[in-house]
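A.B. asks: This is the structure, below, for whatever I ask next.
None of the figures in this text is laboratory data; all of them are computed from the coordinates on show. From a predicted model like this one, the values you see are computed outputs, not experimental measurements. Positions of Cβ are generated from backbone atoms using ideal geometry, with glycine treated the same way; all protein chains shown enter the neighbour counts.
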Amino acid sequence: MSFFANHLYYWGDRHRDLFLGPHRAADMDALSWADRLGQRYGLHSDCPITPMDPLRTMWSATSRRTRDGHVLGAHQRITPLRALQAMTVDSHWLVGDEDQVGTLRVGQRADLVAIDREVDTLGPDGLRDATVSAVMVEGEWMAAP
C-alpha cells in the first residue's frame, strides 16, 4: 500500500472540520497502525494533485501538521527515519524494482540525494526545513539544486 501523506497537510483541516470530525480524521493515513501490523508501505504526493517534493511528503508523515498548523492524529506519526524508509526502500519494493533502486548496494543504480541534516536525529518537524545539498543520478554527481 502507499499512503497519500500530503493529504494530511492540504486537506486535513477540512476532513476534521467538515467531513469526518476530529476523531475519525485523526486516523487518516494510519501510518503507525500499518507499522504495528508489520505492513510495508510507500509514501506519495499524488502529483500533480500536490507538488512532488519527497522531503515535504516525509515531513507531512512525521509531523501530521495541517495547513492551519494543527497536528492531526499525533498517535499516527512515524519517525523521520521510518518516513525515509517508506519513501525509498519500501516504495521500490511496492513497484517491484527493489533489485535496481531503493538502497545502496553493489549492482544497483546509485540515485541518491544528500540533505543538510541527519535524518535519524530529527523530531516530527525536523524535515520541514531540510534542503538537498547534493544529487547523484546513476553514480554521477549532478549540480546541486
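A.B. asks: May I ask for the net charge around S133, where only other residues with Cβ less than 10 Å from the Cβ of S133 are counted and Lys, Arg are +1 while Asp, Glu are -1?
C.D. replies: In short, 0.
A.B. asks: Order 96-104, 29-37 from most to least packed using the mean count of other Cβ atoms within 10 Å.
C.D. replies: Output ranking for 96-104, 29-37: 29-37, 96-104.
A.B. asks: Oh, and also: So for each of 16-24, 87-95 I average, over its residues, the number of other beta carbons within 10 Å; can you give me the resulting order with the highest mean first?
C.D. replies: 87-95, 16-24
A.B. asks: If you don't mind, there's one more thing I want to ask. Calculated from DSSP H runs of 4 or more alone, at -39500 (n - 2.57) each and per residue, what is the 222 nm mean residue ellipticity of the chain, nearest 500?
C.D. replies: -6500 deg cm²/dmol
A.B. asks: Which net charge results for the neighbourhood of G21, defined as the other residues with beta-carbon distances under 15 angstrom from its beta-carbon, given Lys and Arg at +1 and Asp and Glu at -1?
C.D. replies: Local net charge: 0.
A.B. asks: Report the Cα-based extents of the chain along its three principal axes, largest first, to the nearest Å.
C.D. replies: 48, 31, 30
A.B. asks: Among 53-66, 121-134, what's the highest-first ranking by average C-beta atoms within 10 angstrom per residue?
C.D. replies: The densest-packed peptide leads the list: 53-66, 121-134.
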